[in-house]
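First the structure, in the form of structure tokens, and then the observations on it.
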Amino acid sequence: MLNGVSYGLLLFMLSSGLTLIFSMMGVLNFAHAAFYMLGAYLAFTVSALIGYWPALIVAPLLVGAFGAAFEQLCLRRVHKYGQVAELLVTFGLAYIVIELVQLVWGRLAVPYGLPTQLKGPLFTVYGIEFPKSRAFIMLVAVLMLGAIWLVLTRTRIGLIIQAALTHPQTVEALGHNVPKVFMLVFGGGAALAGLAGVVAGNTYVTEPAMANAVGVIIFVVVVVGGMGSLAGAFLASILIGVIQTFGVAVDKSLADVLMLVGIHVGRGGAWDQFLRLTVAQVSPVLPYLLMVLILIFRPRGLLGKRES
């Protein structure tokens with residue numbers, strides 16, 4: 001359960017920025033996982049120069065500045081051509097970032113290690129150690145959720161952002177720079193992905209394939225939670241994290257369930273191999289099965305507010 005919740009909170013750190021960008025701007029950012037990877041690599045370089053804890057702040061800010069510059073120089077120019085053009089330009093950016101990372105840091109994993117304070121177990125449950133690094137990911141994710149909620153609901157800039165979502169012309173008439181607001185939102189979403197890369201890169205592994213490893217699953221989280229719903233993204237992240245983690249640990253199949261009720265599956269039958277597939281073997285596809293069920297029975301997602 002702890003591993004599932006920690007993995008789910010990491011997914012939320014990734015999906016929260018994507019959800020904010022879509023809910024505020026209507027842009028599905030295909031480069032979001034690339035920002036996550038870029039955050040890990042920048043943290044690896046910055047931590048070697050000034051230490052891990054300063055890198056925890058500097059690296060996300062650098063990724064956020066890069067995202068804001070991209071929105072101003074590229075994404076804003078294609079906005080008038082519709083969502084297809086926006087998808088294509090973010091899709092192209094993802095490939096560019098991955099290639100640049102491989103040119104600068106190489107194609108192999110980099111030795112991005114944990115700081116001394118996060119090494120070792122935090123506590124032991126039934127003889128199994130729970131590492132400090134996973135607990136730190138959980139702490140950062142919860143603090144990030146609280147910070148986002150406070151900014152959006154209790155600050156002036158948060159009210160302006162929410163108003164610009166539904167009434168951009170009115171907000172602009174009141175003297176606010178709506179394009180600048182959107183630039184800050186896109187940069188903030190990129191910074192959140194970069195922060196996830198900083199705290200997860202040394203807990204897992206920092207390599208060029210890390211973007212592709214989470215790129216699809218965060219879109220599954222956003223769809224299951226509901227496009228544009230931050231609360232839905234949080235709920236879906238925890239749900240998918242727990243389902244996938246428990247799925248890996250269950251070594252039972254449909255054949256075992258049928259045997260409990262007195263039905264024996266014959267060897268060599270047409271359905272034999274299918275019925276003997278264990279939950280652990282199909283665990284990688286469980287989030288996608290959940291997404292299919294959500295799209296069938298609740299197309300807007302668990303807590304969706306905005307239709308795509």
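Every number here is computed from the coordinates shown, using simple stated rules; none is lab data. Since the model is a prediction, treat every value here as computed from it, not as a measurement. In this analysis, Cβ positions are derived from the backbone assuming ideal geometry, glycine residues included, and neighbour counts consider all displayed protein chains.
Brief remarks on what is shown
- Kirkwood-based Rg to Rh ratio, the range 1-60, C-alpha trace: 1.07
- Descending semi-axes in whole angstrom, ellipsoid equivalent of the range 1-119, from the Cα gyration tensor: 28, 18, 13
- Ellipticity at 222 nm from helices only: DSSP H runs of n ≥ 4 in the chain, each -39500 (n - 2.57), divided by the residue count, give -22500 deg cm²/dmol.
- Whole-angstrom gap from the range 12-52 to the range 154-227, using each part's C-alpha centre: 9
- At 1.567 mPa s and 4 °C, Stokes diffusion of the range 122-169 via Kirkwood alpha-carbon radius, µm² per second: 97
- Computed on the chain, with alpha-carbon pairs under 8 angstrom and 6+ residues apart, the relative contact order is 32 percent.
- Ascending count of other beta-carbon atoms within 10 Å, so fewest first, for THR45, THR155: THR155, THR45
- Averaged over residues, the count of other Cβ atoms within 10 Å places the peptides 160-169, 119-128, 19-28 in the sequence 19-28, 160-169, 119-128, highest first.
- As a proxy for reagent exposure, SER283, SER229 were ordered by neighbouring Cβ count within 10 angstrom, fewest first; the result is SER283, SER229.
- Rounded to the nearest Hz, the phi-derived 3J(HN,Hα) couplings of the range 140-147 under the Karplus curve 6.51 cos²θ - 1.76 cosθ + 1.60 (θ = phi - 60°) are 4, 5, 5, 4, 5, 4, x, 5, where x marks glycine and proline.
- Extension reserve of the TRP149-TYR204 stretch, reckoned as 0.36 nm per residue once the Cα distance is removed: 17.0 nm
- Cα pair distances of the chain binned at 20 Å [whole percent]: 30, 54, 15, 1
- Remark on LEU122: its backbone amide H falls under 5 Å from those of PHE130, LYS132, a criterion applied only to residues 5 or more positions apart or on other chains, H modelled at 1.01 Å from N.
- Net charge of the neighbourhood of VAL78, taken over other residues with C-beta under 14 Å away and scored Lys/Arg +1, Asp/Glu -1, is +1.
- Dipole magnitude of the chain, debye to nearest 20 (Cβ charges: Lys/Arg +1, Asp/Glu -1, about Cα centre): 420
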